[in-house]
Amino acid sequence: MAVWVVCTSFKWSQNQLETGWYFITPNSPTTITFEDLDSHENYTVERVPIISISDIKSVKLTEEKIPGLPKMAKLNIHLTKPGRKKWNAALREMSNKGISAVFVFENVVYCQQTVIGKVSSNVSASIVDHDLNAPKLKIICASISKALTLNGR
């Protein structure tokens with residue numbers, strides 16, 4: 001299985017989405033459309049997240065080393081048992097239908113995830129940033145950790 005993560009930033013002002021992963025999908029009454037600030041392309045996501053804060057057990061910022069590439073920052077998002085079931089179903093759907101998902105934090109899309117190949121069971125989701133200092137990921141990690149603490153986790 002190969003999971004490709006492309007990190008970029010999109011922002012939209014008319015709609016507010018909670019932190020989590022969302023399917024990119026065709027436009028419909030149940031979706032929100034937003035514009036990529038860099039390319040000005042429009043993207044449409046479902047209003048209901050695949051994974052939200054309630055599905056997250058913990059988060060941890062680490063370094064990722066892939067042979068032939070420089071070290072990268074990686075935010076590991078460890079999921080609850082119901083969250084793992086949702087995430088694995090979403091990965092299978094992305095693989096089978098050729099669709100992608102995006103991670104939204106504070107109304108900004110940070111990463112697009114595409115699955116290529118067979119999906120095995122995953123217990124976590126992750127976001128990778130080529131900037132090893134990863135200021136965005138540090139903010140996301142701290143915010144999610146704070147939300148989990150407030151929710152007793």
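Observations on the model:
- Listed peptides 127-134, 143-150 by packing density, highest first (mean Cβ within 10 Å): 127-134, 143-150
- Accessible area ranking (1.4 Å probe, heavy atoms, ligands and nucleic acids excluded), largest first, for Leu91, Leu69: Leu69, Leu91.
- Fully extended contour minus Cα-Cα distance, from Lys60 to Leu150, at 0.36 nm per residue: 30.7 nm
- Summed side-chain charge close to Lys85 - residues other than Lys85 whose Cβ falls under 14 Å, Lys, Arg +1, Asp, Glu -1: +3
The values are calculated or read from the model by the stated rules, or taken from the named source; none is laboratory data. Just so you know, these numbers come straight off a predicted model, no measurement behind them. Using ideal geometry, Cβ is built from the backbone for each residue, glycine included, and neighbour counts are taken over all protein chains shown. The protein model used for the area step is the full one, side chains on, heavy atoms only, and it has no ligands, DNA or RNA in it. Shrake-Rupley method; radii C 1.70, N 1.55, O 1.52, S 1.80 Å.
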